[in-house]
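The values are calculated or read from the model by the stated rules, or taken from the named source; none is laboratory data. It should be emphasised that the depicted structure is a prediction, and the values quoted were computed from it without experimental measurement. Cβ coordinates were reconstructed from backbone atoms using ideal geometry, including for glycine residues, and neighbour counts include every protein chain displayed.
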Amino acid sequence: MTSDVSAQGRPPGSTLVTGIGELVTNARANEGPTRSGHNSDDDLGIMRDAALVISDGVVAWVGPSQDAPPADRRIICAGRAVIPGFVDSHSHVIFAGDRSAEFAARMAGQPYTAGGIRTTVAATRAASDEALRRTAAGLTDELVRSGSTTFEIKSGYGLTVEDEARSLRIAAEFTSETTFLGAHVVPADYAGDRRGYLDLVTGPMLDACAPQARWVDVFCDRGAFDADEAREVLTAGMARGLVARVHANQLQHGPGVQVAVEVGAASADHCTHLSDADVLALADSTDTPTTTVATLLPGAEFSTRSPYPDARRLLDAGAMVALATDCNPGTSFTTSMPLCIALAVREMHMTVAEALWAATVGGATALRRADVGRVAVGAPADLCVLDAPSYVHLAYRPGVDLMHQVWRNGVAVHHRRTDWINADG
Ligand SMILES: [Zn+2]
């Protein structure tokens, strides 16, 4: 990935990052969503000709280049834009198998159904721990290289007590944002016994998984779980200290969003088919201590050739919107938040500022994290240095890798070239 010594560990002392042409701070992140959405650079807290100091893995100073304090080393960005690392609040990177044939068939006209998940379940159960770990390592490396410095990982392709527990054990090696998704679908071995599977998910499977999970999730949609079943799964998880999130309203109108808001879930994910009442419930939740973020996953609509969610309707109503990759082998096999931003802008009519906000602050809010998704004194130094003068290029240059460097907790975990470091002593 990189030959620079800084990738081996955090450098001692302080690092001045200067010559930043455009620094996105998301300085207004604590103010919550505005009723008119986020349309302007003001909302992103943009600074021109800026600098920042990193010390002990966190941002220690932010301000104009000309006022920068001395530091132990200096990195000159030469006018490049710097943005907060993306927060990808929805991924499924613990799996085995390949569904490219299913994708090709879908592109040839076959519809997507939730049942495709069972193909991956069979392959995942048959895989060794080492194979699952290797896939997760490769995909999380992709996530980081495309700018995601915080990411969530779900179980949900094991669907036995042992396979869900090991999925979460392996996920926890890569992130603290782990989600128990035993209620992804009813597996084939319980096809005639939904009640039995729900008892398993809310009983022994939850017992085995809760210690490794922060979140509990359920796929509340056609072909998966209904409202009562979803409530049962979420409340059981919440009773064990997990926080709820819901796969909601991806395939059709349904109760998923309402259940999510009702239980105080951190996020309702997909939100492709929404009623007026759903939009209102999401918007109203921003006035409560338990905001339910509408997490939009345009990679899924892109990869299933489905209509995109109506982001404008959500933003204009005042809902908090996040963007995430939904990286999974069936319906959105991408790790690229920049692709999701480009789709959100081009296909979902979000402004570029709204899309970047959703991919950073939105994702952080969907994970109930106030420390990430922004550049602020005291926050982890999670940064992307773009090979571009402005964040707008993330949508303006679709499909182009603009990640010049990615910093995570003050460590340069990825950089494309070695000529960017200008160490001045
Ligand atoms: Zn998902």
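The set of residues in segment 291-342 being of a type in the set (Val, Ile, Thr) and modelled with pLDDT under 95 consists of 304, 331.
In this structure, is residue 342 surrounded by fewer than 24 Cβ atoms within 10 Å (Cβ to Cβ), of a type in the set (A, V, I, L, M, F, W, C) and farther than 18 Å from residue 93 by Cα? Yes, satisfied.
Of the candidates 178, 235, the single residue that is free of Cβ contacts under 8 Å to residues at least 60 places away in the same chain, within 27 Å of residue 281 (Cα to Cα), hydroxyl-bearing (Ser, Thr, Tyr) and more than 16 Å from the ligand (Cβ to nearest atom) is 235. The one condition from (1) more than 16 Å from the ligand (Cβ to nearest atom); (2) buried (at least 18 other Cβ atoms within 10 Å of the Cβ); (3) at pLDDT below 95 that residue 191 does not meet is (2). Here residue 264 fulfils each of the conditions (1) on the phi < 0 side of the Ramachandran plot; (2) more than 13 Å from the ligand (Cβ to nearest atom) apart from (1). Assess whether residue 150 counts as being modelled with pLDDT of 95 or more, in a helix (DSSP H, G or I) and β-branched (Val, Ile, Thr). Criteria not met by residue 150. On the basis of being assigned by TED's automatic domain parsing to the domain that holds residue 172, farther than 30 Å from residue 382 by Cβ and modelled with pLDDT of 95 or more, does residue 125 make the cut? Criteria met by residue 125. Being in contact (Cβ under 8 Å) with a residue 24 or more places away in the chain, farther than 30 Å from residue 379 by Cα and not assigned by TED's automatic domain parsing to the domain that holds residue 391 is a property that residue 163 has. The number of residues in segment 142-157 being in contact with a strand residue (DSSP E or B) (Cβ under 8 Å, 6 or more places away or on another chain) and within 16 Å of the ligand (Cβ to nearest atom) comes to 8.
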